[in-house]
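First the structure, in the form of structure tokens, and then the observations on it.
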Amino acid sequence: MESIPRIKTSNGDIRTPALLPVCALTYGVWDVFIEEKVIPPWKLSEATMFSLEYVRNTKYEEKVINGFHKLFSDNKPIFVDSGGFQSMKKGIERDPIDVLRFQEKLKADIAATFDYPVPLKVERTEYMKMLQKSIDSANLSLENRKRKKMLLYSCVHGFSEEEIEWYFSKLDYGFDGYAMGSLVPRKNDYKTLIELISKAKSLSIERGKPLHIFGVTGFPMLYALSYMGIETMDSWTYLVASVYKEYIHPETLKRVKMRKTGHIPSCDCFICKDHNINDFLGGTSVPQAYLAIHNLNIFMKEMNLIKEHLKDNSFDQLVELKSKNNQRIKKAYEHVKKYVNKE
Ligand SMILES: [Zn+2]
């Protein structure tokens, strides 16, 4: 599928496909990263995703409120989500304009409009109302945006191709991109995920705009989404795994419980070169940070491999090779091929 090779932001370009590590400014491990005691995630990727609800009301809010970039030693694009997903989980409802102003104050390079992600078991009439609210919120934000340097992405939802088509038809023109949510409850159903994402992809490219996919990127979807030409995607698997003391295996790309196995597989990343299992197992924030960065290194290494093989037209061979150790990569890829080859 067609895709946009570069997304221009006020803090540099994002070369696509790009994986954005999800970051927060909450506690422990984030202090270690901000102080650069361990190399932070934002130094390893094209751009970073910050979740608004994990910035707001934190001890760092005051420091970042007049410009996020001041907190970091280098300027790279920052994408700030709307916090819709966390708001839904916490049961709070934000005012879309208030969210937009907060994103503008932070000087986000890309911001997503406030949305109302739809859980799985909701009556149809109820969720159509939620979709309508997300649409209204997106159009209202577009009309009221003040900071033109900030790219504004409309959130997109829908549980069928028809609903996604309807959703796009209700959105005003003028968004800089689209960001698809409500996919997390379906994250293991590759067939449905790919069907929905592929619809959103064709509608966003018709408008000449990039598409971001929220929250479903493990390795199988990293492969599938990149092949589909999705411009950006995010993941915090690297971090969640580190909370559970899980080490991502460089070959199988699966999470290894270090305490269970008692050892770690060999890895040539810059963290593992200098550290051993005991450096990852400690109870403080530094070992967690080491582990998170090893995990992220594996994601970034795969992302680079994917880019190389897409360029050389040898993606099929890469999938074959990876599938020897991880069948799910092939499974997701087989669903994707049905859509991509349709063109
Ligand atoms: Zn490593």
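For the stretch 117-134, the tally of residues that are surrounded by 12 or more Cβ atoms within 10 Å (Cβ to Cβ), more than 22 Å from the chain's Cα centre (by Cα) and not in a helix (DSSP H, G or I) stands at 1.
In the stretch 25-45, which residues are under 26 Å from Ile306 (Cβ atoms) and under 17 Å from the mean Cα position of the chain (by Cα)?
To start, the set of residues in the stretch 25-45 that are under 26 Å from Ile306 (Cβ atoms) comprises 33, 38-45.
The answer is Pro40, Pro41, Trp42, Lys43, Leu44, Ser45.
Exactly one of (1) crowded, with 24+ Cβ neighbours inside 10 Å; (2) modelled with pLDDT under 95; (3) in contact with a strand residue (DSSP E or B) (Cβ under 6 Å, 6 or more places away or on another chain) is unmet by Val216. Its number? Failing condition for Val216: (3). Within the stretch 323-331, does at least one residue satisfy the condition of being of a type outside the set (Lys, Arg) and under 16 Å from Pro17 (Cβ atoms)? Yes, because at least one residue in the stretch 323-331 is of a type outside the set (Lys, Arg) and under 16 Å from Pro17 (Cβ atoms).
Taking the stretch 86-116, which residues are part of a loop (DSSP other than H, G, I, E, B) and surrounded by 22 or more Cβ atoms within 10 Å (Cβ to Cβ)?
Filtering the stretch 86-116 for residues part of a loop (DSSP other than H, G, I, E, B) gives 91-95, 106-109, 113-116.
Leu106, Ala108, Asp109, Thr113, Phe114, Asp115, Tyr116 - these are the residues of the stretch 86-116 that are part of a loop (DSSP other than H, G, I, E, B) and surrounded by 22 or more Cβ atoms within 10 Å (Cβ to Cβ).
No other residue among Ile293, Ile306 is within 30 Å of Lys191 (Cα to Cα) and part of a helix (DSSP H, G or I) apart from Ile306.
Can you work out which of the residues in the stretch 288-335 that are β-branched (Val, Ile, Thr) and within 16 Å of the ligand (Cβ to nearest atom) is surrounded by the fewest Cβ atoms within 10 Å (Cβ to Cβ)? Among them, the one singled out is Ile298. The set of residues in the stretch 132-176 that are within 30 Å of Tyr190 (Cβ to Cβ) and charged (D, E, K, R) comprises Lys133, Glu161, Glu162, Glu163, Glu165, Lys170, Asp176.
Listed by first and then second residue, the pairs with beta-carbon distance under 7 Å, at least 6 apart or on different chains, first residue in the stretch 251-277 and more than 11 Å from the ligand (Cβ to nearest atom), second among the small types (Gly, Ala, Ser) and outside any strand (DSSP E or B), are Arg255/Ala241. Does the stretch 288-304 include one or more residues that are out of contact with any Asp or Glu (no Cβ under 6 Å at 6 or more places or on another chain), of a type in the set (Val, Ile, Thr) and modelled with pLDDT under 95? For the stretch 288-304, residues out of contact with any Asp or Glu (no Cβ under 6 Å at 6 or more places or on another chain), of a type in the set (Val, Ile, Thr) and modelled with pLDDT under 95: absent. The criterion of at least 2 residues that are among the β-branched types (Val, Ile, Thr) and surrounded by 15 or more Cβ atoms within 10 Å (Cβ to Cβ) is met by the following strands (runs of 3 or more DSSP E) wholly inside the stretch 1-48: 6-9. Residue count for the stretch 48-100, restricted to those that are basic (Lys, Arg), out of contact with any strand residue (DSSP E or B) (no Cβ under 7 Å at 6 or more places or on another chain) and touching a residue at least 40 places away in the same chain (Cβ under 8 Å): 1.
Out of the residues in the stretch 135-155 that are polar (S, T, N, Q) and either in contact (Cβ under 8 Å) with a residue 40 or more places away in the chain or assigned to a loop (DSSP other than H, G, I, E, B) (or both), state the one that is surrounded by the fewest Cβ atoms within 10 Å (Cβ to Cβ). First the steps, then the outcome.
Residues of the stretch 135-155 that are polar (S, T, N, Q), as a first pass: 137, 139, 141, 144, 154.
Next, from what is left, pick out any that are either in contact (Cβ under 8 Å) with a residue 40 or more places away in the chain or assigned to a loop (DSSP other than H, G, I, E, B) (or both): 137, 141, 144, 154.
On the way: Ser137: 24, Ser141: 24, Asn144: 11, Ser154: 27.
Among them, the one singled out is Asn144.
The values are calculated or read from the model by the stated rules, or taken from the named source; none is laboratory data. In this text the structure is predicted, and so the values were computed from the model without any measurement. Positions of Cβ are generated from backbone atoms using ideal geometry, with glycine treated the same way; all protein chains shown enter the neighbour counts.
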